[in-house]
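The values are calculated or read from the model by the stated rules, or taken from the named source; none is laboratory data. Model, not experiment: these values are computed from the prediction. Note: ideal-geometry Cβ built from the backbone for every residue, glycine included; neighbour counts use all protein chains shown. With ligands, DNA and RNA removed, areas are computed over all heavy atoms of the protein, side chains included. Shrake-Rupley method; radii C 1.70, N 1.55, O 1.52, S 1.80 Å.
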Amino acid sequence: MSPTLRTSRLLAVLLALATLSVGCNGDDAPTGGGEGQTAEEETVAAQVDLSGASVTVGSKEFTEQRIVGQMAVAALEAAGANVTDQTGLQGTEVVRNALESGEIDLYWEYTGTGWITILGNTEFLEGPEKYYESVRDADAENGVVWLEPSEINNTYAFFYNPAVNDLGIQTISELAELAETNPEQATLCAATEFITRDDGLPGVQEAYDFEFSKVAELDLSLAINAAIEGEECTIGEIFQTDPLIAADDLTVLEDDQNFFPVYNLAMTIREDAYGDHSDAYDELFGAITELLDNDTMRDLNARVDLEGMEPEQVARDFLVENGIISE
């Protein structure tokens, strides 16, 4: 081997070792995404500039709403916005009025709630797209923008606890048959709102042409626990993202005639607040929305309701784990 060749090979080896050293060098090393970017620079929030924007975030008061409300707070702050936290408002009417009056700028709402409760429609629609498109178009006249919805569908459902009462049914149609052939096995525990709403008990009994032989009216949490215990009733009312479904291995009956309205979760923003930063909101909340479905939401709700974590911490952990924010 000539001295020139040996020198060339030695330089090549030294260059390779230098490159390897840089690649393994702790804090200054790129993290694998865009060349030269740090983990913070690679997050979705880092790609969105809301510097100087002032945003007031609202939510309703129950666990799921507090979690997604805190997701909005953390994501907006990471994007540079000055955020005022007004999450935890009491009920749909209060939070919606806050949006329309300008007390808050945005909050997460459900398409079925928008169509029925807020806009006052009594006509039931077919399919999630129809609910979203109808409420989006109708609410535009009120100056409210609905972003694309998530796959979360927090609608009503019936359940039973097979460990206590193994009814052997999987659908509401089969429940209707059970109510006809064995009425003492078709008893319900439910909350007042479900018992009285058109999109609750009266409507579903009419649609499936049956009646429960007994209905116990209780607060929702008490109704769910009573149905799980199976002594006061065999069937309970529950929402699809309740963490007890997985925790207690409950059987949720399929709504095989698609009676219950679709309640997909979507971000709603007052139009005048949306206008100047529409692209930023679309990108930021679009990225969060794509991550949310019923299984994910049940898990997040469980961290609060069953494990005792704070909604703010659950929201922040989720956003960090999924690359929306860095910390």
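Structure notes:
- Stretching the chain fully between Glu327 and Glu129 yields a gain of 67.8 nm (0.36 nm per residue, less the alpha carbon separation).
- Accessible area per residue for the stretch 237-280, computed on protein heavy atoms with a 1.4 Å probe, is 42 Å².
- Degrees, to the nearest 10: 311-321 long Cα axis against longest axis of the chain: 50 degrees
- Distance between the pseudo-spin-label points of Glu271 and Glu151 (7 Å out from Cα toward the beta carbon): 3.3 nm.
- Rounded percent of accessible protein surface that carbon and sulfur make up, the stretch 173-275, 1.4 Å probe: 42 percent
- Those GluC sites (Glu not before Pro) in the stretch 107-194 that DSSP places in a loop and that have at most 10 other beta carbons within 10 Å: Glu123, Glu126, Glu141
- If R0 equals 41 Å, the separation of the Cβ atoms of Leu306 and Glu141 corresponds to a calculated FRET efficiency of about 0.50.
- Magnitude of the charge dipole, the stretch 57-161, Cβ model with Lys/Arg +1 and Asp/Glu -1, debye to 20: 280 debye
- A 1.4 Å probe run over the stretch 37-126, with the rest of the protein chains in place, finds 40 Å² accessible per residue.
- The stretch 186-252 and the stretch 278-309: distance between their alpha carbon centers, rounded to Å: 26 Å
- Full-extension gain in nm, Glu177 to Asn82, via 0.36 nm per residue minus C-alpha separation: 28.6 nm
- Among (i) 63, 49, 35; (ii) 75, 38, 34; (iii) 97, 50, 34, the entry that matches Cα extents along the principal axes in Å as calculated here: (iii)
- Placing R0 at 22 angstrom, the Cβ-Cβ distance between Asp248 and Arg197 gives a FRET efficiency of 0.30 after rounding to 0.05.
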